[in-house]
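What follows is a set of notes on a single structure, which appears directly below.
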Amino acid sequence: MKKDFYEILGISKNADAAEIKKAYRKSALKYHPDKNPGDKEAEENFKLAAEAYEVLSDPSKKAKYDQYGHQAFDGSGGFGGGHGGMNMDDIFSQFGDIFGGGFGGFGGGGGGPRRAKGSNLRIKVKLTLEEIANGVEKKVKVKRKVQAKGVTYKTCSTCNGQGQVMRVTNTILGRMQSASTCPTCGGSGQILDKRPSEADAQGMILEDETVSIKIPAGVVDGMQLKVSNKGNDAPGNSVPGDLIVAIEELEHEFLKREGENIHFDLYISFPEAVLGVSKDIEAINGKVRIKLEEGIQSGKILRLKGKGIPSINGYGSGDLLVHVNVWTPKTLNKEQKQFFENALNDEHFVPSPEKSEKSFFEKVKDMFS
Ligand SMILES: [Zn+2]
């Protein structure tokens, strides 16, 4: 059974925002890992308090919790089943201000600057329907900003490598201390020391790199894939940004994609419709032979199961839908014309759709249901 958030912080359900904050600050300081090195139970309590505070300090989350209890945060998002949802870094980045100047971070000196992250790069990749159906590995050339060879960085003296500067301001509520990103180093805690002449002011150069991107089968036009750490690098002790790959689907010559299904318009001649015929369809991965029975009607849709696009989630594939179109001859020779004139009043040529031959509208309705 999960402990009640109010109980964890030792407050009543009527506690106001100030009381909640005060109670959290008290437990956080009591169980702070710097005060209780190596004490697992204290660490657990520290996390529990942060979790309780995260919910109770947010009016909308608090309202949910008051109404539904822990259930409100089970499942997606929230805190899942356990209380391992938050790690120490999360806690310090979210509630660091609660601790004031006394405790910078976790683990005695571990609370230095966050590693700066470079900016993301964006590219477009055009894919054929075949590539989308089968998945593909694409090699793309990108121009990335990287640290030049021989560049060195040193600790920023404005913030002493902390990446943040503390500011004390006098307000009507008293002296307030707040941390802000160091204006000199931009938060990285380091500034340029030496740079080769070809590097820019931050010691960076542009470099061509070939990046290989694995694209899974079933991607959709407009979808974005992320290749971690293949964006621009940043100066100093940093991690590169990401490469964002936008998928663009090229139009196919004669196949039309609709979600995981593919549509194909098949044209057959009037005699073929009357006599029946076998046809080879150019499906996505080669030919598929289909047999049309004699007397097939124009507008019939044949569904070839699993011959469409695989689902991006890996659950099966869509279908290939073959739309049968009977081509009516536009010119006839004299004998043919005579034949059809005779047929005008022939009972065999009088339309007599059976109930099983659904109308176009019913077929469309079926396809989307
Ligand atoms: Zn600095």
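The values are calculated or read from the model by the stated rules, or taken from the named source; none is laboratory data. Everything quoted here is computed from the prediction, not taken from an experiment. Using ideal geometry, Cβ is built from the backbone for each residue, glycine included, and neighbour counts are taken over all protein chains shown.
From the set of residues in segment 185-196 that are surrounded by 15 or more Cβ atoms within 10 Å (Cβ to Cβ) and outside any strand (DSSP E or B), which is nearest to the ligand (Cβ to nearest atom)?
Taking segment 185-196 as the starting set, the residues that turn out to be surrounded by 15 or more Cβ atoms within 10 Å (Cβ to Cβ) are 185-192, 195.
So of that shortlist, the ones also outside any strand (DSSP E or B) come out as 185-189, 195.
Working: Cys185: 3, Gly186: 8, Gly187: 7, Ser188: 7, Gly189: 6, Arg195: 18 Å.
In this case the residue turns out to be Cys185.
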Requested in this report: Tell me, please, whether a residue that is within 16 Å of the ligand (Cβ to nearest atom) and part of a loop (DSSP other than H, G, I, E, B) can be found in segment 164-179.
Outcome: no
Query raised in the report: Name the residues in segment 132-166 that are over 35 Å from the mean Cα position of the chain (by Cα), surrounded by 19 or more Cβ atoms within 10 Å (Cβ to Cβ) and aliphatic (A, V, I, L, M), would you?
Result: Val151
Report task. For segment 298-318, state whether one or more residues are modelled with pLDDT of 95 or more and more than 49 Å from the chain's Cα centre (by Cα). Result -> no
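Do you know which of the residues in segment 238-255 that are among the charged types (D, E, K, R) and either touching a His at 6+ places or on another chain (Cβ under 9 Å) or in contact (Cβ under 8 Å) with a residue 12 or more places away in the chain (or both) is surrounded by the fewest Cβ atoms within 10 Å (Cβ to Cβ)?
Narrowing segment 238-255 to residues among the charged types (D, E, K, R): 242, 248-249, 251, 253.
Subsequent filtering for residues that are either touching a His at 6+ places or on another chain (Cβ under 9 Å) or in contact (Cβ under 8 Å) with a residue 12 or more places away in the chain (or both) retains 242, 248-249.
Details: Asp242: 20, Glu248: 11, Glu249: 17.
Ranking the qualifying residues of segment 238-255, first place goes to Glu248.
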Query raised in the report: Can you spot a residue in segment 197-216 that is in a loop (DSSP other than H, G, I, E, B), within 16 Å of the ligand (Cβ to nearest atom), farther than 30 Å from Ile262 by Cα and in contact with a Phe, Trp or Tyr (Cβ under 9 Å, 6 or more places away or on another chain)?
Result: yes
Report summary line: Restricting attention to segment 200-210, the residues that are acidic (Asp, Glu) and free of Cβ contacts under 8 Å to residues at least 24 places away in the same chain number exactly 1
**Report entry** Unique residue being under 34 Å from the mean Cα position of the chain (by Cα) and in a helix (DSSP H, G or I) when the list is Ala23, Ala49, Ala28
**Finding:** Ala49
Report summary line: Scanning segment 211-237 for residues that are touching a residue at least 60 places away in the same chain (Cβ under 8 Å) and of a type outside the set (A, V, I, L, M) gives Ser212, Lys214, Pro216, Gly218, Lys230, Gly231, Asn232, Asp233, Pro235, Gly236, Asn237
